[in-house]
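Structure first, commentary second.
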Amino acid sequence: MNSLEEQRAVAWKASVEAFDGDSRLAESWLNEPIKALGNEKPINLTRTANA
C-alpha cells in the first residue's frame with residue numbers, strides 16, 4: 001500500500017483535475033470539513049493499510 005504522503009499526493013492531483021486545474025479551489029476543498037463526509041476534511045480520509 002502507498003504511504004500516507006503518496007495517497008495525499010494522489011488525492012491532491014485528482015482534486016486539481018476535478019476542479020479544472022484550479023489548485024486553490026482544490027486545496028480549499030481538500031482542507032474544509034464536508035457535511036456529507038460527516039464533517040471530515042477530505043484530505044483526512046486518506047489512510048495507510050495499517051490505519
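The values are calculated or read from the model by the stated rules, or taken from the named source; none is laboratory data. Source: prediction; values computed, not measured. Protein only, heavy atoms only, side chains kept; ligands, DNA and RNA dropped before computing areas. Shrake-Rupley method; radii C 1.70, N 1.55, O 1.52, S 1.80 Å.
Taken one residue at a time, the phi angles of the stretch 16-27 give Karplus couplings (6.51, -1.76, 1.60, θ = phi - 60°) of 4, 5, 5, 9, 6, x, 7, 5, 5, 5, 4, 4 Hz. Gly and Pro are set to x. Accessible-area rank, largest first, for VAL16, VAL10: VAL10, VAL16, with all protein chains present and a 1.4 angstrom probe.
Accessible surface for the chain, divided over its residues, is 76 Å² per residue with a 1.4 Å probe. Of the labelled figures (i) 31, 54, 13, 2; (ii) 24, 54, 20, 1; (iii) 27, 50, 22, 1, only one reflects P(r) over Cα pairs in 10 Å bins from 0, in percent as derived from the coordinates, namely (iii). Based on DSSP H segments of at least four residues, each scored -39500 (n - 2.57), the chain has a per-residue ellipticity at 222 nm of -14500 deg cm²/dmol. Taking amide H positions as modeled 1.01 Å from N, with prolines and chain starts lacking one, the residues under 5 Å from ILE34 and 5 or more places away or on another chain are ASN39, GLU40, LYS41. Solvent-accessible area of the chain (1.4 angstrom probe, protein heavy atoms only): carbon and sulfur portion equals 50 percent.
Per-residue accessible area (protein heavy atoms, 1.4 Å probe) orders ARG8, ARG47, ARG24 as ARG24, ARG47, ARG8, starting from the largest. In sequence order, the stretch 42-47 has phi-based couplings of x, 5, 7, 8, 6, 9 Hz under the Karplus curve 6.51 cos²θ - 1.76 cosθ + 1.60, θ = phi - 60°, and Gly or Pro positions carry x.
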